[in-house]
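Asker: Here's a structure for you.
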Amino acid sequence: MWTIPNILTLVRVLAIPVFVVIYFLNWRWAHEAAAFVFWLAAITDWFDGYLARRLGQTTPFGAFLDPVADKLIVGAALLMITHTYNDLWITLPSIILLGREIFVSALREWMASSGHRDTVNVSFIGKAKTTAQMLALIGLLSGLEEFMGFPLYWVSLGKILLLIATVLSVWSMVIYLKAAWRFLKG
């Protein structure tokens, strides 16, 4: 159970309250620091999967905890940006993204319980959604539009990437639903 990939996943879970507290500190660089912690957590998501496969350290605990950790940290970040920006173009995509995560998790759980888990494996579109979503959240959490007088446009790019992630999210959900439909309709 205490493998390197599982420890990285646990670190990602433990990073959630840290990054939330940092984000709400009354400190000039709080949002940027919180975005950095979120970025580190996102990187551990890639590393724990890579190391689990590379070192042969896949475990049932890791298979359970990894997607839970992802959903917890992304859910927290979506709530935080919704609170911060108070903007329909952030709130609506956040609701769609959270709803899709719940729907796809429930679909995967149901498919696994009926012996068809492989039918709804992660697709390329799902991975592209995750990449766009993570980059969008880093940009939106940071709040940076300029740094030392140089334009960065992280927030603007974050908003665009959030919309792209939302489209990819719905698209991947439709793919998973189509793959599972024959089992769902009985």
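Asker: Place +1 on the Cβ of every Lys and Arg and -1 on the Cβ of every Asp and Glu in the chain, take the dipole about the Cα centre, and give the residue among Thr3, Ile138, Tyr176 whose Cα lies farthest towards its positive end.
Answerer: The residue sitting farthest along the positive end of the dipole is Tyr176.
Asker: To the nearest 20 Debye, how big is the dipole of region 4-184 about its Cα centre, given +1 on the beta carbon of each Lys and Arg and -1 on that of each Asp and Glu?
Answerer: Numbers: 13 positive and 11 negative charges, 104 e Å.
In total the dipole reaches around 500 debye.
Asker: With labels modelled as points extended 7 Å from the Cα through the Cβ direction, what inter-label distance (nm, one decimal) is found for Arg117 paired with Thr58?
Answerer: With each label point 7 Å from Cα toward Cβ, the separation is 0.9 nm.
Asker: Continuing with this model, one more query. Note the full-extension length gain between Val18 and Val174 as 0.36 nm times their separation in residues minus their Cα-Cα distance, in nm to one decimal. Don't jump to the answer; show the numbers that get you there.
Answerer: Working: separation 156, 0.36 × 156 = 56.16 nm, distance 3.46 nm.
Here the segment from Val18 to Val174 would lengthen by 52.7 nm.
Asker: With a/c under 1.5 counting as rounded, go ahead and sort the chain into rounded, prolate or oblate using the C-alpha gyration tensor (a ≥ b ≥ c being the square roots of the eigenvalues; past the cut-off, prolate if a/b is larger than b/c, else oblate).
Answerer: Details: a/c = 2.26, a/b = 1.40, b/c = 1.62.
Because a/c hits 1.5 or more and a/b fails to exceed b/c, the chain counts as oblate.
Asker: Gap in Å between the Cα centre of region 105-124 and the Cα centre of region 7-61?
Answerer: One Cα centre to the other: 25 Å.
Asker: 222 nm [θ] for the chain, helices only, -39500 (n - 2.57) per DSSP H run of 4+, per residue, to 500? Please report the intermediate quantities before stating the final value.
Answerer: On the way: 6 runs with 147 residues, N = 186.
Computed mean residue ellipticity for the chain: -28000 deg cm²/dmol.
Asker: Highest GNM mean-square fluctuation, the chain, Cα pairs closer than 10 Å: which of Ile102, Ile138, Ile73?
Answerer: Most flexible of the set in this elastic network: Ile102.
Asker: Going by a ≥ b ≥ c, the root eigenvalues of the Cα gyration tensor, does region 92-161 fall in the rounded group (a/c under 1.5), the prolate group (a/b larger than b/c) or the oblate group? Walk me through the intermediate numbers first.
Answerer: Values: a/c = 4.78, a/b = 3.02, b/c = 1.58.
Cα axes put region 92-161 in the prolate bin.
Asker: Hey, got a sec? Which trypsin sites (Lys or Arg not before Pro) in region 102-186 land in a DSSP loop and have at most 14 other Cβ atoms within 10 Å?
Answerer: Details: sites: Arg108, Arg117, Lys127, Lys129, Lys159, Lys178, Arg182, Lys185; in loops: Lys185.
Hits after loop and neighbour filter: Lys185.
Asker: If we count every other residue with Cβ under 11 angstrom of Leu10's Cβ, Lys/Arg +1 and Asp/Glu -1, where does the sum land? Could the numbers behind the result be given before it?
Answerer: On the way: positive: Arg12; negative: Asp48, Asp66.
With Lys, Arg at +1 and Asp, Glu at -1, the neighbours total -1.
Laboratory data are not the source of any read-out in this text; all were calculated from the coordinates shown. For clarity, every value in this text was computed on a predicted model and none was experimentally measured. Using ideal geometry, Cβ is built from the backbone for each residue, glycine included, and neighbour counts are taken over all protein chains shown.
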